[in-house]
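Note sheet for the following structure.
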Amino acid sequence: MHILLVEDDAQLAESLATAMRAQGWRADVSARGEPVPASLRQDAYDVLVLDIGLPGIDGLETLRRVREQGSFLPVLMLTARDGVDDRVLGLEHGADDYLAKPFALSELLARLRALVRRHELRRSETLVLAALRYDAAARRAHIGEQPIHLSARECIVLQYLMLKTGQVVLRDQLAALVPGWDAATSDNAIELLISRLRAKIEPGGVRLRTVRGLGYRLEPAPAAAA
Ligand code: CA
C-alpha cells in the first residue's frame with residue numbers, strides 16, 4: 001500500500017509515517033497541500049491522508065483540487081478537533097472518512113485498511129447497459145470493443161447515471177457530484193455536458209433522456225422495429 005500523508009506537524013507526520021512503514025506500507029510525507037495534485041498525477045498512491053489545518057491552502061482546498069482533476073483516490077481527513085463542521089465540510093468536499101485528533105495510531109491504521117478495501121471493491125465495478133460498458137477502475141467507457149473518449153466530468157456523470165439506470169437523476173444531484181460545479185452552475189453548462197455525453201453513448205443502444213424541469217434518465221434504447 002502506498003500512502004501520501006499530508007501533515008504539517010513534523011513530529012506527528014514522522015511518527016505516523018514510521019507506523020505505516022512498520023506495516024510494510026510505503027509512506028510519503030508532504031507538509032503542504034499545494035504539491036498534492038501534481039504528486040497524485042506522478043505517483044500511483046492507494047490512499048491520501050490529509051490534515052485539514054495546513055499552512056497555505058488548507059486540507060479542504062487541497063481535496064477540492066484533487067477531486068477537480070478527476071481523482072477518485074480514497075481520502076481520510078484528519079481534523080484538529082471533533083468539529084462537526086470540519087467533518088461535514090470534509091465529506092462534502094469528497095473525503096471518504098475522517099479522524100479527529102488526537103486519535104489512537106491503531107485506529108488510523110484500521111481505518112486506512114478498511115478504506116482501501118472498500119475502494120478496491122468499488123474500483124472493480126464494471127457497469128453495463130446494452131452495448132455500453134463503463135469500467136469504474138480504469139474510468140474508461142466502451143461501446144462493444146470501441147473505446148469512447150470522455151472528459152473527467154463526463155466520466156463522473158456517466159458512472160452516476162449508469163448506477164441509477166432507469167431513475168431520474170436531478171440536475172442538483174449532478175451539480176453536487178461534479179467537482180467545480182455547485183448549485184450556481186447554470187442549466188446550460190449541465191445541458192451542454194449532457195448533450196456531448198449523449199452523442200458519445202447513444203450509439204451504444206442507450207438513451208439519455210432529458211426529463212423536463214427535473215433532470216436526466218439513462219435507459220436502454222427501445223429495440224429497433226423489426
Ligand atoms: Ca495541521
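Here's the yes/no breakdown for (1) of a type in the set (Ser, Thr, Tyr); (2) in contact with a Pro (Cβ under 7 Å, 6 or more places away or on another chain); (3) under 19 Å from residue 2 (Cβ atoms):
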site: 71; (1), (2), (3): yes, no, yes
site: 78; (1), (2), (3): no, no, yes
site: 98; (1), (2), (3): yes, no, no
site: 111; (1), (2), (3): no, no, yes
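Assess whether residue 174 counts as being open to solvent by less than 60 Å² (accessible area, probe 1.4 Å), of a type outside the set (Lys, Arg) and not assigned by TED's automatic domain parsing to the domain that holds residue 67. Step through it out loud before you land on a result.
On the way: open to solvent by less than 60 Å² (accessible area, probe 1.4 Å): yes; of a type outside the set (Lys, Arg): yes; not assigned by TED's automatic domain parsing to the domain that holds residue 67: yes.
The answer is yes for residue 174.
Is there a residue being loosely packed, with under 15 Cβ neighbours inside 10 Å and under 29 Å from residue 95 (Cβ atoms) anywhere in region 148-161? Full working, then the answer.
Restricting attention to region 148-161, the residues satisfying the condition of being loosely packed, with under 15 Cβ neighbours inside 10 Å are 149, 151.
Retained after the next criterion (residues that are under 29 Å from residue 95 (Cβ atoms)): 151.
Looking for residues that are loosely packed, with under 15 Cβ neighbours inside 10 Å and under 29 Å from residue 95 (Cβ atoms), one finds at least one in region 148-161, hence yes.
Table: residues versus (1) open to solvent by 20 Å² or more (accessible area, probe 1.4 Å); (2) modelled with pLDDT of 90 or more; (3) of a type in the set (Val, Ile, Thr).
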site: 36; (1), (2), (3): no, yes, yes
site: 43; (1), (2), (3): yes, no, no
site: 50; (1), (2), (3): no, yes, no
site: 63; (1), (2), (3): no, yes, no
site: 80; (1), (2), (3): yes, no, no
site: 90; (1), (2), (3): no, no, no
site: 96; (1), (2), (3): yes, no, no
site: 115; (1), (2), (3): no, no, no
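In region 132-226, which strands (runs of 3 or more DSSP E) lie fully inside it and hold 1 or more residues that are in contact with a helix residue (DSSP H, G or I) (Cβ under 8 Å, 6 or more places away or on another chain) and touching a residue at least 60 places away in the same chain (Cβ under 8 Å)?
132-135, 140-143, 215-220
Collect the residues in region 2-23 that are within 24 Å of residue 118 (Cβ to Cβ) and open to solvent by less than 60 Å² (accessible area, probe 1.4 Å), keeping them in residue-number order.
Within region 2-23, the subset within 24 Å of residue 118 (Cβ to Cβ) is 2-7, 16-17, 19-23.
Of everything in region 2-23, those that are within 24 Å of residue 118 (Cβ to Cβ) and open to solvent by less than 60 Å² (accessible area, probe 1.4 Å) turn out to be 2, 3, 4, 5, 6, 7, 16, 17, 19, 20.
The values are calculated or read from the model by the stated rules, or taken from the named source; none is laboratory data. Computed from a prediction, not measured in an experiment: that's the story for all the values here. Ideal geometry is used to build each Cβ from the backbone, glycine not excepted, and the neighbour counts take in all protein chains shown. Side chains included, ligands, DNA and RNA excluded: accessible areas come from the protein's heavy atoms. Shrake-Rupley method; radii C 1.70, N 1.55, O 1.52, S 1.80 Å.
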